[in-house]
Structures are given as C-alpha cells and as structure tokens.
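One structure below.
Values in this text are rule-based calculations from the coordinates and carry no lab data. Values in this document were obtained by computation on a predicted structure and should not be read as measured data.
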Amino acid sequence: MRKRWIFTAVGAVAGGTLAYFMKDEDTRNQMKDKAKSIQDSFGKSNDLPIEEAGQPETDSLDNSDMVAEGSQFGVQYYNELTEKEREILEKSNS
C-alpha cells in the first residue's frame, strides 16, 4: 500500500517538473537537444564485435579450429553448472 503512494508521488513530481521545463520553447529545445545528445552517446559504441559475429575464422584461428573439431567445453560447463544448481535446490527443499 505504501509503495503505491510513493510511486504516485514520484510520478506526480516528475510530471510537474517535466511540464515546468516544457512550457518555454527555449528550455524545450534545450531539453530536446540534451536528450538527443545523451541518446547519441549511448547509440554509438564501436567496441561491439557485431561485424565479426558471423565470421569466426577472422577472429581467432584457435577458437575456430576448436569449434570445427566439435569442442564441447561450453556444453559440458553449462551441464555441470545446471547440475550443481539442481543439487543445491534439492538439498534446500529437503
């Protein structure tokens, strides 16, 4: 019950603040420019390897050789991890 009132109060304050800043055209344009610059700063990240994602042979020859040979390391690791989690859950439920 208390959370509902807090969320309502925070929403009302945020709405009032937004309405106050948007009433002038100058401040409205400043807010739009600032929001756009923040959005652009999040959108332009050149460190993501999306371009190389479909071409594992260019990334690392050792990794692509392991995959070509049918390496099961990732699958085994996942299976062991889920088995440990299952054992922990069984112990806690007992």
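Listed values for segment 5-10 are Karplus-derived 3J(HN,Hα) couplings in whole Hz (6.51 cos²θ - 1.76 cosθ + 1.60, θ = phi - 60°), namely 5, 5, 4, 5, 5, 5, and x replaces Gly and Pro. Remark: segment 85-94, residue by residue, has Karplus-estimated 3J(HN,Hα) of 5, 5, 5, 5, 5, 5, 5, 6, 7, 7 Hz, where x stands for each Gly or Pro and the curve is 6.51 cos²θ - 1.76 cosθ + 1.60 at θ = phi - 60°.
Applying the Karplus relation 6.51 cos²θ - 1.76 cosθ + 1.60 with θ = phi - 60° to segment 25-31 yields 3J(HN,Hα) values of 5, 5, 5, 4, 5, 4, 5 Hz, where x marks Gly and Pro.
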